[in-house]
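**Student:** Below is the structure I would like to discuss, written out as structure tokens.
Here, each number is a calculation from the coordinates, and none is a lab measurement. Every value quoted in this text rests on a predicted model; they were computed, and no experiment measured them. No Cβ is skipped: glycine too gets one built from the backbone with ideal geometry, and neighbour counts run over all protein chains shown.
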Amino acid sequence: MAIEITRPGKYSLVLSTPVLPAAGAVGFGDSYKALVDYDKLGAIVTNPVTVEARSPASGTRMIALDAGILLHTGLPNPGLVKLIRQQRKVWAKMPVPVILHLAATSVGQLRRGCAILDEVEEIAAVELGLADDMEVADAVRLVKSARMEKPLLARLPFYECYQLAEPIADAGADALVMTAAPRGTARDPNTGRLVSGRIYGPLMKPMILRMVGRLRRQIDEDVPIIGSGGVHSPQDARDYIDAGAVAVQVDTATWVQPKMLERIARDLGGWIATRHKNAFLDEWNPDMGHTEAIERRVSSDIAGDAN
Amino acid sequence: MAIEITRPGKYSLVLSTPVLPAAGAVGFGDSYKALVDYDKLGAIVTNPVTVEARSPASGTRMIALDAGILLHTGLPNPGLVKLIRQQRKVWAKMPVPVILHLAATSVGQLRRGCAILDEVEEIAAVELGLADDMEVADAVRLVKSARMEKPLLARLPFYECYQLAEPIADAGADALVMTAAPRGTARDPNTGRLVSGRIYGPLMKPMILRMVGRLRRQIDEDVPIIGSGGVHSPQDARDYIDAGAVAVQVDTATWVQPKMLERIARDLGGWIATRHKNAFLDEWNPDMGHTEAIERRVSSDIAGDAN
Amino acid sequence: MKETQAYIERVKRVNRDSQRLELAVDRSLSSLLAGQALLVRRIEKDYESEHWDPYLRELWFPVEVQTSNIVVVEQPAKAQFVPGQLLSIIGPVGRPFRFRRKLRNILLIAYQTTPAALLMMLPSLLTKQVSITMILMGTARQYDTNHLPEELEIVRADDNMTWPDMVMTLGWADQVFAIVGQGSELHYFGEIMKLIRQRRNDVPANYIFGVMQRPLPCGVGACHACILKLRGEQKLQCVDGPAFDLTTLRLN
Amino acid sequence: MKETQAYIERVKRVNRDSQRLELAVDRSLSSLLAGQALLVRRIEKDYESEHWDPYLRELWFPVEVQTSNIVVVEQPAKAQFVPGQLLSIIGPVGRPFRFRRKLRNILLIAYQTTPAALLMMLPSLLTKQVSITMILMGTARQYDTNHLPEELEIVRADDNMTWPDMVMTLGWADQVFAIVGQGSELHYFGEIMKLIRQRRNDVPANYIFGVMQRPLPCGVGACHACILKLRGEQKLQCVDGPAFDLTTLRLN
Ligand SMILES: Cc1cc2nc3c(=O)[nH]c(=O)nc-3n(C[C@H](O)[C@H](O)[C@H](O)COP(=O)(O)OP(=O)(O)OC[C@H]3O[C@@H](n4cnc5c(N)ncnc54)[C@H](O)[C@@H]3O)c2cc1C
Ligand SMILES: Cc1cc2nc3c(=O)[nH]c(=O)nc-3n(C[C@H](O)[C@H](O)[C@H](O)COP(=O)(O)OP(=O)(O)OC[C@H]3O[C@@H](n4cnc5c(N)ncnc54)[C@H](O)[C@@H]3O)c2cc1C
Ligand SMILES: Cc1cc2nc3c(=O)[nH]c(=O)nc-3n(C[C@H](O)[C@H](O)[C@H](O)COP(=O)(O)O)c2cc1C
Ligand SMILES: Cc1cc2nc3c(=O)[nH]c(=O)nc-3n(C[C@H](O)[C@H](O)[C@H](O)COP(=O)(O)O)c2cc1C
Ligand code: FES
Ligand code: FES
């Protein structure tokens, strides 16, 4: 397969599989190397990076929700230059393209960041993270200022996606990622306080799938859309493709079931294998079986107290 | 308790408990009378009504999602006049105020609807349902045209809530309901087709809770906010109150656990009773126990085939 | 109708494919009749620490009311149930099946589904000496019937959804109850009606009933997701069903 | 680290409050050492028909590796587990505890939590003749220790989080491992450090370790939700933990 996930032209990005991890899901480099076969993915997207270093959020960073989580990390990172120094060799060895997620802060920082990144050949493309609550004019200005000799993907905020999609496409983004996880508020059961952060879970998918479906019919068809939000199964990924996305990003599902990221990638990349009858659970795709020896349980006579 | 859920003034609405079912949750009248003690609720909100009759949507109306559902009913109803004739007596007997949910279609229909409703004394207030994708100016025009001698609540659409809240409050709405369930798209497993509808589930709460928290700080404090979305427990309801809502609407949680609607209402209304140690599950609130006789299971020797 | 709680008292494999669950239920459910169903959710000890996936209640049609507080349901053998599991139940939902007063011969049709929702009527009809024939069509042909009463005549249809003496069976029957696979009910009922109309000039009112088993979001007539269009009117599956006269149902 | 699957082989009540689960695991987990944990999710037969509530994996610290493929964990008795339950496991997560080379006396402190995550070290330390004292403070005082090895000295602290001969115990110990309740780890560790500093002039490096058991969204160093601020640097609980020198951890 060869899937062009950015606007055709001088600097387009072509992947062999339309499945990527989302920014924030797999870290800055190869954190998942023991659990996921990177070779089967379309590309890697790094965690968000800022030009200046950022320290982690203090206080609660994670709250378990019903079928989901709230996360507020503060986007900790050592700053662009230091990160490149740390990760360059890892990126060079990656079997698939590396897309760096750059959090859009100010025009000045963005220009600096793009200039730096143009010199880093280990980075195949840049995904620009647009903050929530941004005015359309400001977002357009940021995208316009992020000119590079690499493809530029723009990741749209959730609540503003309908308003921003067309202006950002017109401003020159080579692809639109729909969307970043929405912000929300939940009560921390440990401290009793309301905490804000991003919301993740499978229920995001129907909302963002609708955005993708509708906006695909509205915006310039040269600009590919990448679906992101609630992709938890190969079927979820196929739904985004059917709705008009050229590729999908898999988010927190990777943490819950790391192999799922790979399975979705294999499935959409045409790697799917047939399940053998009576195969062990993780022999679904026979070459993915990891459990060497599950002894069948021998007795069920000692049951837990079920009262 | 006495909770004023609309703007203070000539036509304000005062409830004894800040918990209501949401439009669509409990039907047009007393469908839940066998399962919920209406007396304990703050008010009833009817299913959406239109001035003209509407027939049900054809095709798939419900899709089970991960921890949620998609629903697309087409808002079937016999039209305002016929409905009033059918339900008037039921409403008159309700122990709590009845709020009629009127779907905002056109200025003309809305004016007609309001004129009709002003004559129906069984209706204490009207909740105006604003459609998705509405321009701010159109929404404002609709609210301004809905003048009555009853309080007017406006239920805001999800995606446009941040933009609409302030203009709709300024246009004279006596309370804002945040929000209607968002529209989304999911694949019908039976037909294989993508279907659009409204999305319900507990993961709505963190997103809408944030809206309530932020908008409470922005809009005129005379205009009460009613939180609606993902209220599945007394704690969810209290979270909305803490974030600045004056009351909450309970949506599909009512279908999943009808008694939960009543329990939330009792809890926030100060009716909560202490759980007896070793009480049966549904004796949580002793006066709510419905199960007359659960014989304790006598044997656990015959287990199902668990392979 | 009430919201009550129950235990799974016993889990019993009845044949290759099916298991039966004996539920210790609230006594109000012992008056449940064939056609009425339960809306069931598995719950945990602490009613509040509920999980929300799956979200909706399942629609269970009992197959037997054993004693004053034991109701039996049939489930596929592959579903995992454990004795002691606590259930939350809303029920009874729906109206009992209405049988002809002088019913002598009844035809049951299951197409692309388990016939479980039709089994509850068997004991009382057999007691009344009613002759019962059950036709299994489509995937229903794989349904293992070893555990059903011997008096029942079971016919497995062929690939064309026909069976020997079809015209005769349809004439012989005083009443027909048909049940079909979920998700495409109206389409499947349409197929069945076409088959029948090809073999019977006149299909009278109250002759053939389609039993709906679509999931019910609320089960009490509130949500209107279960509306069915009938000739000249609209009815709710949860309140007016589950059985509808197939000559009046709009099968589009 | 691998993603593997396991069965709950046996569920055994060990005392009033606790049960132990014997897990039949992939052999790669038999080399797991004290301090390392498993990220566990209950799954169903069909890996795809997964429910998503609860969402995250649970962090389970084994208490024993029994044979080549049986790992034992301790859980509160009230949690419901059934033999035959299938689990998905990511592990081992984290680094083994590092003990002094000439360790003779070790002090274990559990405050507002079960000490389960500290139990895995017991057998090997006892074999090496290390003297072990376990202090239970706060709600940990309710922890039933009947099933623990007899050689273990168990002390229940008083309401002020002190115990007889406290100064002596703290001097006697070559090393201390403390574990505290979830959600307020840094606060609880702060309280413990205050207690210790009041009774010991100098708290050397590598003397007292705090064991973190906050939930880990990813467990592999990707999400950065488990970052801890240490003096002069940042570390990840999942990759660098679970034990951190409490003299370097920023307890704010
Ligand atoms: C005043 C007013 C009243 C209305 N009243 C009703 C009413 O009573 N009942 C009613 O049903 N509608 C009503 N509508 C229309 C309704 O608001 C929606 O337009 C309609 O339900 C479609 O929903 P949607 O906007 O989510 O679908 P859209 O996203 O606009 O989709 C429209 C079509 O595309 C399909 N589709 C959606 N997403 C995708 C995708 N990602 N990929 C591929 N295909 C996709 C859908 O299946 C649908 O067929 C009303 C509209 C107005 C303006
Ligand atoms: C360019 C830029 C970069 C940024 N970078 C970061 C960053 O790296 N890390 C970071 O953490 N933030 C960053 N922020 C701030 C961030 O975008 C949010 O403003 C911040 O995380 C708060 O989230 P929120 O908007 O959801 O909270 P808000 O809803 O605005 O809430 C703010 C405060 O109110 C409280 N609160 C929220 N909802 C409620 C409620 N319903 N009831 C009561 N109290 C409530 C919250 O706990 C919080 O303390 C950045 C902002 C900008 C403009
Ligand atoms: C421009 C800007 C930059 C921020 N940078 C960081 C950061 O690097 N790390 C962090 O944890 N929070 C950061 N924050 C978030 C603030 O520290 C604070 O959490 C947020 O504004 C909400 O504050 P409150 O929760 O105290 O009301 C930033 C906020 C803004 C507006
Ligand atoms: C003004 C308006 C009124 C509608 N009224 C109804 C209605 O009463 N019942 C209904 O099922 N659908 C109604 N619809 C929805 C349409 O029938 C149709 O489902 C929707 O426009 C999407 O069409 P599609 O799914 O075929 O693209 C209405 C749509 C509009 C725009
Ligand atoms: S299921 Fe809700 S009205 Fe029938
Ligand atoms: S749990 Fe994700 S980085 Fe540690």
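**Student:** At q = 0.12, 0.19 Å⁻¹, what is the base-10 log of I(q)/I(0) for segment C:105-245 according to the Debye formula with one equal point scatterer per Cα and no solvent? Please give it to two decimals.
**Tutor:** -0.49, -1.20
**Student:** May I pose another question? How high is the FRET efficiency from residue C:100 to residue D:31, r the C-beta distance, R0 56 Å, rounded to 0.05?
**Tutor:** For residue C:100 and residue D:31, the calculated efficiency is 0.15.
**Student:** What dipole magnitude, in Debye to the nearest 20, does segment D:2-93 give about its Cα centre under +1 on Lys/Arg Cβ and -1 on Asp/Glu Cβ?
**Tutor:** My answer is approximately 360 debye.
**Student:** Same structure, new question: Report, in deg cm²/dmol and to the nearest 500, the calculated mean residue ellipticity at 222 nm for chain B, where each DSSP H run with n ≥ 4 adds -39500 (n - 2.57) and the sum is divided by the residue count.
**Tutor:** Per the formula, -8500 deg cm²/dmol.
**Student:** Next up: Compute the Rg/Rh shape ratio of segment A:95-183: radius of gyration over Kirkwood radius, all on alpha-carbon atoms.
**Tutor:** Result for segment A:95-183 is an Rg/Rh of 0.95.
**Student:** When the dipole is taken about the Cα centre of chain A, and only Lys, Arg (+1) and Asp, Glu (-1) are charged at their Cβ, what size is it in debye, to the nearest 20?
**Tutor:** Roughly 420 debye for chain A.
**Student:** Name the trypsin sites (Lys or Arg not before Pro) in segment D:175-252 that are in a loop by DSSP and that have at most 11 other C-beta atoms within 10 Å, would you?
**Tutor:** Taking segment D:175-252 and a limit of 11 other Cβ atoms within 10 Å, the loop trypsin sites (Lys or Arg not before Pro) found are D:231.
**Student:** Longest exposed-loop-site-free stretch of chain D, with GluC sites (Glu not before Pro), DSSP loop and at most 12 other Cβ within 10 Å?
**Tutor:** D:1-149
**Student:** I've got another one for you. Evaluate peptide B:23-33: per residue, the Cβ atoms of other protein chains within 10 Å of its Cβ; return the mean as an integer.
**Tutor:** 4
**Student:** Taking the Cα centre of each part, how many Å lie between segment D:1-62 and segment C:213-252?
**Tutor:** 45 Å
**Student:** Still on this structure: Based on the alpha carbon coordinates of the protein assembly as shown, what radius of gyration and maximum Cα-Cα distance (Dmax) apply, in Å?
**Tutor:** Expressed in Å, the Cα Rg and Dmax of the protein assembly as shown come to 31.2, 102.
**Student:** A further question follows. Using the structure shown, list the pairs from C:12/D:12; C:128/C:235; B:33/B:259; C:128/C:194; A:10/A:93; B:10/B:150 with a Cα-Cα distance above 20 Å, or answer none.
**Tutor:** Result: C:12/D:12; C:128/C:235; C:128/C:194; A:10/A:93 exceed 20 Å.
**Student:** Could you work out the mean count of beta carbons from other protein chains within 10 Å of each residue's beta carbon in A:55-66?
**Tutor:** 6
**Student:** Using only alpha-carbon positions, what ratio does the radius of gyration of segment C:2-93 give when scaled by 2.2 N^0.38 Å?
**Tutor:** 1.02
**Student:** Taking all pairs of different Cα atoms in segment D:109-152, averaging 1/r and flipping that mean, what Kirkwood radius in angstroms comes out?
**Tutor:** That comes to 11.0 Å for segment D:109-152.
**Student:** Here's a follow-up. Give me the distance in nm between label points sitting 7 Å out from Cα along the Cα-to-Cβ direction at residue D:79 and residue C:198, one decimal.
**Tutor:** With each label point 7 Å from Cα toward Cβ, the separation is 5.9 nm.
**Student:** Enter the mean number of other protein chain beta carbons within 10 Å of the beta carbon of each residue in B:182-191, as an integer.
**Tutor:** Mean partner shielding for this stretch: 6.
**Student:** Related question: Taking other Cβ within 10 Å of each residue's Cβ, how do A:91, A:255, D:172 sort, fewest first?
**Tutor:** Sorted ascending by nearby Cβ count, the order is D:172, A:91, A:255.
**Student:** Would you mind ranking B:123, A:99 by Cβ crowding within 10 Å, fewest neighbours first?
**Tutor:** Sorted ascending by nearby Cβ count, the order is B:123, A:99.
**Student:** Let me know the Kirkwood hydrodynamic radius for segment B:48-153, please, with Cα pairs as the basis and the value in Å to one decimal.
**Tutor:** When all Cα pairs of segment B:48-153 are included, the Kirkwood radius is 15.0 Å.
**Student:** Which Cα, out of C:54, C:92, C:123, lies furthest along the positive dipole direction of segment C:1-146 (beta carbon charges, K/R +1, D/E -1)?
**Tutor:** Selected residue: C:123.
**Student:** Then there's this: Using Cβ counts within 10 Å as a stand-in for footprinting exposure, how do A:82, A:40, A:33 rank, fewest first?
**Tutor:** A:82, A:33, A:40
**Student:** Where both partners of a DSSP beta bridge lie in the protein assembly as shown, what percent of those bridges are antiparallel, to the nearest 5?
**Tutor:** Here the share of antiparallel DSSP bridges comes out near 55 percent.
**Student:** Here's something else I'd like to know. Express in whole angstrom the spacing between the alpha-carbon centres of segment C:65-92 and segment B:45-118.
**Tutor:** First find each Cα centre; the distance between them is then 36 Å.
**Student:** Over the residues of chain C, compute the C-alpha Rg and express it relative to 2.2 N^0.38 Å.
**Tutor:** Compared with the compact-globule rule of thumb, chain C sits at 1.00.
**Student:** Round to the nearest 10 and give me the degree value, 0 to 90, for the angle of helix D:185-199's Cα axis relative to the longest principal axis of chain D.
**Tutor:** Between helix and principal axis, roughly 30 degrees.
**Student:** Suppose every Lys and Arg Cβ carries +1 and every Asp and Glu Cβ carries -1, with no other charges. What dipole size does the protein assembly as shown come out with about its Cα centre, to the nearest 20 debye?
**Tutor:** Using only the charged Cβ atoms, the result is roughly 20 debye.
**Student:** Provide the percentage of antiparallel DSSP beta bridges, counting only those with both residues in segment C:95-242; round to the nearest 5.
**Tutor:** About 15 percent, rounded to the nearest 5.
**Student:** If a helix is a whole DSSP H run, which ones in chain A reach 15 Å or further along their own axis (Cα) and hold a mean Kyte-Doolittle hydropathy of at least -1.0?
**Tutor:** Passing helices, by number: A:80-93, A:107-118, A:204-218, A:258-268.
**Student:** Within chain A, what's the longest run with no GluC sites (Glu not before Pro) in a DSSP loop and at most 11 other beta-carbon atoms within 10 Å? Give the range, please.
**Tutor:** My reading of the result: A:1-118 is the longest stretch.
**Student:** What residue among C:70, C:161, C:25 has its Cα farthest toward the positive end of the dipole of chain C, where the charges are +1 on Lys, Arg and -1 on Asp, Glu, each on the Cβ?
**Tutor:** C:161
**Student:** In nm, to one decimal, how far is the residue B:55 label point from the residue D:187 one, both placed 7 Å along Cα→Cβ?
**Tutor:** 6.1 nm
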